Amino acid sequence: MDLLKHRQVYILLFVFSFLLYGNTLQNKYALDDAIVITENQFVKKGISGISDIFSTELFTGFFKVKKNLVEGGRYRPLSLVSFAIEYEFFGQNPFVSHLVNILLYFLSVVVLYLVLWQFFRQTKYQYLPLLASLLWLAHPIHTEVVANIKGRDEILALLGSLYTVYLVFRYVESKNKKYLIAYPLVFFLALLSKETSITFLAVIPLSLYYFTSSDKKDFLISVSVLLIPTLVFLYIRQQIIGAPAVTGAEIPKELMNDSFLGMSVGQKYATIFFTLILYIKLLFVPYPLTYDYYPYHIHILDFSNLWVVISILFHLFLAVIALKGLKKKSVISYGIWYYAMTFSIVSNLLFSIGAFMNERFIYMPSVAWAIIIAFGIIKLTSFVKEQKTKLIVTYGGIFLFVLPFTILTIQRNPTWANDYILFTTDVKTSFDSAKSTTSAGGKTIEEVDALKKILNTKPINLEQLKKDIETKTDLRASTIAELLKSGNLEQSIIAIEKFNKKSLEKAIEYLNMALKIHPTYSDALLLLGNAHYNYNKDYDATWSAYEKILKSNPRHDLVAKNWTLILNGKLAPEKKIIYHKKILKYNPSLFENTYQVGNLYGQFLHQIDSAIVYLEKAKKINPNDPRVYKDLGVAYGINKNYPKALEMMLHSIQLKPSDYTTLYNIGLTYEALGDSKKAKEYFAKGNAVKEKSKTN
C-alpha cells in the first residue's frame, strides 16, 4: 500500500491530536507520575538507570525495595525506559513528557487507521477506518491515559499491539519473511509496555479469521510465532516478580489494595457486573469522569440491584450477537469479541486487579466501540439512496459524537494539571471514595504549608509574592488572582491567611469524610492528625487520630516521626512527657521518644532518678547516640555518682569528639574525683575544640 495516498488523513489526525491534547503541554506532573518519574530513583539516573529498570519490578524504583502492593505484581519497563531517556537529555521536564505522549497517541491512531484500512479496504466499508479513527481519537475517556504522563504504558502497549496486527496482515498478504521477523519483536515491546498486550494473542487470530481468507498454514505460522516473545516475556517477568501473572504474590490486606475486601462472593460479582455496565455507559456518555473509582465511589451491591440485572442481561445479549455473527463474520460480532478479549484481563472477572475499575482500563477495548459505532453510522446510510443525503447522515453521525467529545476532552485536560487541581476537582465526583477524599485533604494541607513557607520568607512586594505563589504552589490561576486582587501586599497576606484557615477546615472535612467510608484508613488518619495540629495546635485531636493507626500498627514509622516533631514545639515539659509516654505505650522501642522523656525529666523537671531510668532505656535501644551518654553523665554527676558519670561522658566523647561541653564536664568530673591533672587535661582539650569551632 502506498502510504502517500493517505497523507491527508495523517495530516488530519495529527492536527486533531494536537487540537485535543495541545492544552496538556502546560500541565505538570500528577497522580502516579511520582512513582514512575519524579520520585523514581532509576528513572532519575537517566540512561545509566535502564539496567535497573529492566531488572526490577515497577514499584522498586519508587519505594527503594520490592513491594507486593497489587495483585500479580507489575513489570512494565518500556515506559520507564522512555522516561529515563527523557530525564537524561531534558531533566525533569513535564512539557517534553506531555509532548511525547501526544505524539505517541497520534502514532497510535495512525496505526489504528492502517489496521482498519487493512481490514476493510476491499469491502464496501472503505470509509470506516477514518470514521472509527476519528471517533476513537476524540473519546474523552482517553484523557487519563494521554493527559497523565504515567499513562504512556497504555499508549505504548496498544501502539505495539496494533502495529503487530498490521505487520501480521502484511506478512499473510505478501509472505515476505521480513514481517515474520519484525512482528514478534514489536509484540515483545508491546508486552514490555504493559501485560494487557497479551490479549492480542487472541485478537490476532480473531482478526485473521474475520478479515482474511488465509489458509490454515498461514494462520498457524503467523500466530505460533507470537508464542516465542510471549514465553520469553513471561519467563523474564516471573524471574523478576517471582510469581506468575495470574496467581500473583500475596498483597497487604488493605481496602485500598483490594476493593473487594470484606465482600461476600455474591456482592463481589454483583459489584463487578455493575462496573461492566458503567464502562459501557462511559463509552457512550463519558461524563462525569474521575481518576478515582476506589471504595466506595462504586458502592457494594448485590444481585437484587436493577443495574446489575441489566448489566447481566445486556452482556448476555452481546454474547448472543457475538456468537451468531461468528459464522457470518459480521463487523459488530468482531467488535464484541475484540472488546471481550482485550477487556477480560482488567475486568476483575478472571482475577482481582486491586480496584473496582479505572478509565485507563477501557483504553485498549475502546477500539471496539469506535469500530461498531462507525459501522453503525455507515449501515444507517445504506438506507439512504441520494448521495448528498448519504453524506449528510454520515458526517452528521460522526459530528454527533466527535464535537461533544472534543469539547469534553479539551475541558477535561486541565484537570490533570497537577495533583492539587486533580484531587480537589475529582473529589466532587468521587465524594464517596476514601482515596479521593483523603487525597484532596492531603494535597490541600500541602498547599497550605507551601503558602505558609512563602509568607515566612516575608516577600518584599506584591510582585515577589505573586511569583513565589505561581512557582511554589499548585493553586489555580483563578485562585491566585483572587488572593492578590487587592493590589496591596498587606491585604494580600491577610487574604492568604484567611484562605489557609478555610483550606485547613476543608481538609479536615475531606479527611473526616474519608474516615466515615473507611474508618481504619491509616493515610487519612495520619493526615487528619497533621491537619488538627496545623490548624489550631490541638494535641489531643492529633493524638486521637494517630492512636487509631497505632492500634492496628503499633510500629507505624510516620506516626512516630510526626509525633516526635510535633512534641519539639512549644509545650510544657510535663505535657510533653505525657504525650511521649502515650506513643511509648504502643512501641517501647522508640529511641527518640524514650530519650526525650529522660531529657525532659532531667533538664526541665530536675527529677534525676526518673531521668536516669529513661536514659538508660534509651541507651539500650540505641547504644551509639552520644546525647544519651552525655545526659546520663550529667545525671549521674548530679547524683554524685562520679565514677558512673565519668564512664558515660568518656563514652559520649568517643562518639562525638568535637563536643567541648562534654570535655569540660569530664574535666569537672575528674576534679570531683580528685584527679586535678586529668581535669586540667580535659579543660585544655575543651578550650582547644571551642577555639577551633570559632575559626571554622
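The values are calculated or read from the model by the stated rules, or taken from the named source; none is laboratory data. Every value quoted in this text rests on a predicted model; they were computed, and no experiment measured them. Please note: Cβ atoms are built from the backbone with ideal geometry, for glycine as well, and neighbour counts cover all protein chains shown.
Below are the figures for this structure:
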| quantity | calculated |
| --- | --- |
| Residue check for residue 103: under 24 Å from the mean Cα position of the chain (by Cα) and assigned by TED's automatic domain parsing to the domain that holds residue 44 | yes |
| Qualifying position, being more than 21 Å from residue 447 (Cβ to Cβ) and either touching a residue at least 12 places away in the same chain (Cβ under 8 Å) or not β-branched (Val, Ile, Thr) (or both), among 553, 530, 534, 500 | 553 |
| Qualifying position, being modelled with pLDDT of 90 or more, farther than 21 Å from residue 108 by Cα and among the polar types (S, T, N, Q), among 389, 415, 381, 409 | 415 |
| Yes/no for residue 317 being modelled with pLDDT of 95 or more, under 26 Å from the mean Cα position of the chain (by Cα) and assigned to a helix (DSSP H, G or I) | no |
| Residue that is modelled with the lowest pLDDT [pool: residues in segment 426-466 that are among the basic types (Lys, Arg) and out of contact with any Asp or Glu (no Cβ under 7 Å at 6 or more places or on another chain)] | 458 |
| The one condition in (1) outside any loop (DSSP other than H, G, I, E, B); (2) within 31 Å of the chain's Cα centre (by Cα); (3) without any contact (Cβ under 8 Å) to a residue 12 or more places away in the chain that residue 325 fails to fulfil | (2) |
| Residue ranges of helices (runs of 4 or more DSSP H) in segment 360-478 with at least 3 members surrounded by fewer than 17 Cβ atoms within 10 Å (Cβ to Cβ) and outside the structural domain of residue 291 (by TED's automatic domain parsing) | 434-456, 462-472 |
| Residues of segment 564-583 satisfying the condition of being hydrophobic (A, V, I, L, M, F, W, C), crowded, with 18+ Cβ neighbours inside 10 Å and at pLDDT 95 or above | 577, 583 |
| Any hit, segment 231-253, residues being in a helix (DSSP H, G or I), modelled with pLDDT of 95 or more and polar (S, T, N, Q) | no |
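Residues are listed down the side, and each one gets a yes or a no for (1) of a type outside the set (Gly, Ala, Ser); (2) in contact (Cβ under 8 Å) with a residue 24 or more places away in the chain; (3) touching a strand residue (DSSP E or B) at 6+ places or on another chain (Cβ under 6 Å); (4) within 19 Å of residue 675 (Cβ to Cβ):
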| position | (1), (2), (3), (4) |
| --- | --- |
| 601 | yes, yes, no, no |
| 604 | yes, yes, no, no |
| 611 | no, yes, no, no |
| 619 | yes, no, no, no |
| 626 | yes, yes, no, no |
| 629 | yes, yes, no, no |
| 635 | no, yes, no, no |
| 641 | yes, no, no, yes |
| 647 | yes, no, no, yes |
